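Colleague: Shown below is the structure under consideration.
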Amino acid sequence: MSTGCESGEVQMCHTVYPLHSNHLGELSAGQLLTWIDTTACLAAERHAGVACVTASVDDIQIEETARVGQQICIKARVNRAFNTSMEVGIKVAVADPLTNVQKHVCTAFSTYVAKPTGGKKVTLKPVRLQSPWDHLEYSLSAERRRIRLYHEDAFNNLMEDGLTFYDLDWEEDHNKISTDSTQVESIELVLPPHANHQGNAFGGQIMAWMETVANISASRLCKAHATLKSVDMFKFRGPATVGDRLVFRAIVNNTFQKSVEVGVRVEAYTCGEWTAGKARHINSAFLIYQAVSSKGELIQFPRVKATRKDSVRRFCGAIARRKIRVARKYILSNKPEKPVSHPWDKGNQSYLSYNNIAALTVLAAKSGWELSSTAQNIKTFTHDENDVLSIKVEMQVTVHPRPAYLLLSDLGLRPNWDTHYLSCEVIDATGEDDKIFHITCPPVKQNKSRDFIVLMSRRSPYKNGDPYVIAMRSVTLASHPPTAEYLRGEVQCAGFLIYSQGKDSCRVCYLNQLTSGIIPYIEENLTGWSNSIEETAFGCITFLETAQVYTTLL
Ligand SMILES: CCCCCC(=O)SCCNC(=O)CCNC(=O)[C@H](O)C(C)(C)COP(=O)(O)OP(=O)(O)OC[C@H]1O[C@@H](n2cnc3c(N)ncnc32)[C@H](O)[C@@H]1OP(=O)(O)O
């Protein structure tokens, strides 16, 4: 292990030996979590100059598996010191000595608190910022801290909604499974090798034990060897010390299409507390597993049957956590985005119009949409693939599909039902079915108002059963360049598909493949602070049901 360079970075390198791996010869997730925690804590202590404890660990997505014989390199550094706590950023890579190929395993952010000395809290010195990267991480860490400290409130908000906004019987599915057989209980005694010199059990060791029981629980449901894909944000509520008995209880909370969430609760007891049955709840964590079939494909899971009060709470909790995870991933990602707008000129108009319709049709047909809420006649879904997040809102409307199509494709009417639209005017057109709109939207988070230049292409069904399609994507128009008045945003792929459901009823699906220009408008919804998506959908249904009378008169 190196002592770190000038920048305060601490590195740990290991060759993966059989003792670090599972029966498949892959580095065990528990061992990885232990190394991550140790390296990060040492980076924190290097900055603080005193002993530190792990307060919390943000979501970790594990992108690559390391195998026996490969080398793991963990780099950790303090991004920002707050008051008594600091954020440590960790990067893990795996290298194969035979091929020299290096791959990214995961990025993690942990918070460490300097242990009080002589009963007094230790105020940390600020971090010395050198490179532009240091400055970027410094400012992003404040945003991450905000989300971290509100994590519990965000979760509680979503749970309140979850119970009102999720109808467990929304689909008739007789293949739903019970998770009762996935309950696992295990006990560990904290011995000196599991603890630091002050006798506190290492956070990484506790995480490794949690992973062991969670893995057993997930494997029982998968009927295959489960692999840890991600760890939800969690906090260390209180310490465990040498001599404590730690009881771990795991159970599968919910399944998504190709993953399962396992919840693990850890209770600590001294010998006396053990006999008296007085538990200290020191940690709860939620781990996401996947499993591969004998054909090498990811196993698809049936839905979970939640009947008892407790299993309903765990079922809804898993959906709420998934929402927060997805939101965090996209809100905090600072990956550069390629511009999505193409110039709208005579040479490519038909191509852009075709592409507009085709992109929306392909987005709608994708598999892997995860349901996030159900409420009366509205269902919302998310789709998270290759770092692209999309949302879908399905609305049941008692309107013939044709008036719904005419009303929704007249974007000038949209400010009547969608508060995210301030104004919308036609600025160019090649006919009734392909129009360019200039849309303005209200400011979010003290930023300027945004505007969008959007091509709307619409098509009636060619044959019975096809939907009406209204597609939208950004284009650039030389006559309407970005101005100082607005932040110019972009729409990658959005719009409506309207399916007939009998004489006077239709299913309207709104889809949007999110870009950084759109995320600010639904960020609070994604993180559980508002129901703006559902409220807008209610507005849309009411608008269609009351306005249709006018279109039928046309
Ligand atoms: C070598 C390897 C060693 C590995 C190290 C370990 O494993 S240690 C072992 C595992 N970890 C533990 O045992 C820790 C158990 N937990 C605790 O002891 C305690 O919960 C705690 C010290 C972390 C926090 O205690 P309190 O909540 O009472 O303290 P207090 O409210 O004053 O908060 C102290 C600082 O922590 C921050 N803080 C509190 N909870 C937080 C959370 N979930 N995520 C991020 N930061 C948090 C606060 O904002 C504050 O920062 P500011 O002051 O900056 O505003």
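Colleague: Could you state the angle between the C-alpha long axis of helix 203-222 and the longest principal axis of the C-alpha atoms of the chain, as a value from 0 to 90 degrees rounded to the nearest 10?
Modeller: 60 degrees
Colleague: Would you calculate the separation in nanometres between label points at THR15 and ILE427, each defined as 7 Å from the Cα along the Cα-to-beta-carbon direction?
Modeller: Once both label points are built, they end up 6.3 nm from each other.
Colleague: Sorted from fewest to most neighbouring beta carbons within 10 Å, what does the list GLU87, GLU535, GLU385 look like? Write out the running numbers ahead of the final one.
Modeller: Details: GLU87 27, GLU535 14, GLU385 10.
Starting with the residue having the fewest Cβ neighbours, the order is GLU385, GLU535, GLU87.
Colleague: For the pairs LYS258/LYS366; LYS229/LYS323; LYS366/LYS445; LYS125/LYS445, note any where the Cα-Cα span goes beyond 25 Å.
Modeller: Beyond 25 Å: LYS366/LYS445; LYS125/LYS445.
Colleague: Name the chymotrypsin sites (Phe, Trp or Tyr not before Pro) in region 450-489 that are in a loop by DSSP and that have at most 11 other C-beta atoms within 10 Å, would you?
Modeller: TYR462
Colleague: What are the ³J(HN,Hα) couplings of region 497-506, residue after residue, when phi is run through the Karplus curve with 6.51, -1.76, 1.60 and θ = phi - 60°? Round to Hz, x for glycine and proline.
Modeller: Couplings: 10, 10, 10, 5, 9, x, 5, 10, 8, 8 Hz.
Colleague: In addition: Determine ³J(HN,Hα), in whole Hz, for all residues of region 273-285 in sequence, where each value follows from phi through the Karplus function 6.51 cos²θ - 1.76 cosθ + 1.60 and θ = phi - 60°; x replaces Gly and Pro.
Modeller: Running phi through 6.51 cos²θ - 1.76 cosθ + 1.60 with θ = phi - 60° gives 4, 4, 5, 7, x, 9, 8, 10, 7, 9, 6, 9, 9 Hz.
Colleague: Provide the per-residue ³J(HN,Hα) series for region 35-48, in order, calculated from phi with Karplus coefficients 6.51, -1.76, 1.60 and θ = phi - 60°, each as a whole number of Hz, with x at glycine and proline positions.
Modeller: My calculation for region 35-48 gives 5, 4, 5, 5, 4, 5, 5, 5, 5, 5, 5, 4, 6, 6 Hz in order.
Colleague: Further question on the same structure: Efficiency by 1/(1 + (r/R0)^6): what FRET value for ASP180 and CYS271, r their Cβ-Cβ distance, R0 = 45 Å, to the nearest 0.05?
Modeller: Working: r = 32 Å, r/R0 = 0.71.
With a Förster radius of 45 Å, E is 0.90.
Colleague: Compute, for region 338-551, the length of the dipole vector about the Cα centre, with Cβ point charges of +1 (Lys, Arg) and -1 (Asp, Glu) only. Units Debye, rounded to 20.
Modeller: 320 debye
Colleague: May I ask you to compute the full-extension gain from GLU485 to THR419, defined as 0.36 nm times their residue separation minus their alpha-carbon distance, rounded to one decimal in nm?
Modeller: 21.8 nm
Colleague: I would also like to ask the following. Out of residues 5 or more away from HIS400 or on other chains, whose amide H comes under 5 Å of its own, with H placed 1.01 Å from N in the peptide plane?
Modeller: none
Colleague: Normalised by the residues of region 1-101, what does the relative contact order come to in percent, with Cα pairs under 8 Å and at least six apart?
Modeller: Relative contact order for region 1-101 comes out at 31 percent.
Colleague: A further question on this structure: What's the exposure ranking of SER294, SER259, SER516, going from fewest to most Cβ atoms within 10 Å?
Modeller: With the sparsest Cβ surroundings first, the list reads SER294, SER516, SER259.
Colleague: Now for a separate question. Run the quick spin-label model on GLN61 and LYS305: label points 7 Å from Cα toward the beta carbon, then report their separation in nm to one decimal.
Modeller: Simple spin-label model gives 3.4 nm for this pair.
Colleague: Under 5 Å between amide H atoms, partner at least 5 residues away or on a different chain: which partners does SER230 have, H built in plane at 1.01 Å?
Modeller: Excluding prolines and chain starts, which carry no amide H, the hits are ILE62, ILE288.
Colleague: Give me the percent relative contact order of the chain, please, defined on Cα pairs under 8 angstrom at least 6 residues apart.
Modeller: Contact order relative to length: 11 percent.
Colleague: Going through region 68-134, which trypsin sites (Lys or Arg not before Pro) have at most 12 other Cβ atoms within 10 Å and a DSSP loop state?
Modeller: For trypsin sites (Lys or Arg not before Pro) across region 68-134 that sit outside H, G, I, E and B with at most 12 neighbouring Cβ atoms in 10 Å, the list reads LYS121, ARG128.
Colleague: So who's got an amide H within less than 5 Å of the one on PHE82, skipping anything under 5 residues away but keeping other chains? H placed 1.01 Å off N, in plane.
Modeller: Hits under the 5 Å cutoff: GLU87.
Colleague: State the answer as a single residue: which of ASN348, ASN416, ALA359 lies farthest towards the positive end of the charge dipole of region 338-551, with beta carbon charges of +1 for Lys and Arg and -1 for Asp and Glu, about the Cα centre.
Modeller: Projecting each Cα onto the dipole axis, the largest value belongs to ASN348.
Colleague: Now for a separate question. For the chain, give me the percentage of DSSP beta bridges that are antiparallel, rounded to the nearest 5 percent.
Modeller: Counting DSSP beta bridges with both partners in the chain, the antiparallel share is about 95 percent.
Here, each number is a calculation from the coordinates, and none is a lab measurement. Source: prediction; values computed, not measured. Quick reminder, even Gly has a Cβ in these numbers, built from the backbone with ideal geometry, and neighbours come from all protein chains shown.
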